[in-house]
1. Give the lysines whose C-alpha is closer than 21 Å to that of Lys224, dropping any in the same chain fewer than 8 places away, or say none.
2. Local charge sum around Ala124 (other residues, Cβ-Cβ under 11 Å, Lys/Arg +1, Asp/Glu -1)?
3. For Glu69 and Ala207 in one chain, what is 0.36 nm times their gap in residues minus the Cα-Cα distance, to one decimal in nm?
4. How about the stretch 53-87: which GluC sites (Glu not before Pro) there are in a DSSP loop, with at most 13 other Cβ atoms within 10 Å of their Cβ?
5. Under the 0.36 nm per residue contour assumption, what length would be gained going from the current alpha-carbon distance of Glu192 and Lys26 to full extension?
6. Would you mind working out the accessible area per residue for the chain, using a 1.4 Å probe, and quoting it in Å²?
7. On the protein heavy atoms, probe 1.4 angstrom, tell me the percent of accessible surface of the chain carried by carbon and sulfur.
8. Only helical DSSP H runs with n ≥ 4 go in: add -39500 (n - 2.57) per run for the chain, normalise by residue count and round the 222 nm mean residue ellipticity to 500 deg cm²/dmol.
Amino acid sequence: MGTLSIVATPIGNLEDITLRALRTLKECDVIYAEDTRVISKLLARYEIKKPLQRLDAVTEAKKADEVIERLEAGERVAFVSDAGTPGISDPGARLVKAVRERAPSATVEAIPGASALTAALSIAGMDSNGFTFLGFLPHKKGRQTALKGIAVSELPVVLYESPHRILKLLEELAMLKLSRVTIARELTKMHEEVVSGNAEEIQAHFAAHPDAVRGEFVVIIEAKRK
Ligand code: SAM
C-alpha cells in the first residue's frame, strides 16, 4: 500500500514551505493539485518536476477513485491545494475520508505548514486561547443564523472572506454591536496588515483606504472581549 501525503503550501510568501514538504514533493510519484497552474509556480521556484494531476472541489470524488488505485499499486501520492493547508476551506477532506474508508491500509500523513487561520491568530492579539472557526459564511441560506450565533459567542469566531464581500460582512457586523473585530489582510505578502477596532472603525479604515479592500482576509470577531 502506498502513502498519501497532505502537503501544506505557502499562503503568499513562497519561502513559507517546510523542508519536509519540499522533500515529499520531490520524492512522490505524482502530485494531485487543486489547480496545476497555481502549484506549478511553487514547483518551478524549487526546481521540482513531477507529473501533475488536477483534483479540485468538483472532481474530488471521481479523482479519489484514481488516487485509491494508485495507493493500492504502492505509489506515493502528494496532494496540495492552491495555498495553505488542504482541507481547511479547501479540497482535501473528502479525498482523505475516501482513502481512510476504502483503502484503510494506505498511510495518510500530514505534512503541516502554513494556514491563514493560524497565521492570523498568531498576530491578532486576542484575549482568549480558544476560538471557533467557521471558514466562509454561507452567502444566503444560514447566513443570518450564523451571524446571530457570532453575536452571542463566548469564544472569538474566525472567518475567511473574499475582497468582494468584505464590506458587506462589515456592514452586517456593525449591526451586531460586537466588542472587537480584527482583520488580517494579505498575510505574508507585501501589503500585510492587521486592523482592529469595532466594526464601524474598520469600515472607516476601509473608507479612508479603498486600496485596502483587496487581497485576502481573515476576520476575527470577539463579541465578548473581556
Ligand atoms: N486552506 C487555506 C488555509 O489553510 O489557509 C485557506 C483556503 S480558502 C479557499 C482561501 C481564504 O483563506 C481566503 O479567501 C482568505 O480568507 C484566507 N487566506 C488565504 N491566504 C491568505 C492570506 N495570505 N492572508 C489573509 N487571508 C488569507
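1. Once the sequence-local lysines are set aside, what remains near Lys224 is Lys148, Lys177.
2. -1
3. The Glu69-Ala207 span can extend by a further 44.4 nm.
4. none
5. So the chain would gain 56.7 nm between Glu192 and Lys26.
6. Accessible area per residue: 52 Å².
7. Answer for the chain is 53 percent, counting heavy atoms of protein chains only.
8. Mean residue ellipticity at 222 nm (helix-derived): -10000 deg cm²/dmol.
The values are calculated or read from the model by the stated rules, or taken from the named source; none is laboratory data. Everything numeric in this text was worked out from a predicted model, so none of it was measured. Glycine also receives a Cβ, built like all others from the backbone with ideal geometry; neighbour counts cover every protein chain displayed. Heads up: the accessible areas ignore ligands, DNA and RNA and are worked out on the full protein's heavy atoms, side chains in. Shrake-Rupley method; radii C 1.70, N 1.55, O 1.52, S 1.80 Å.
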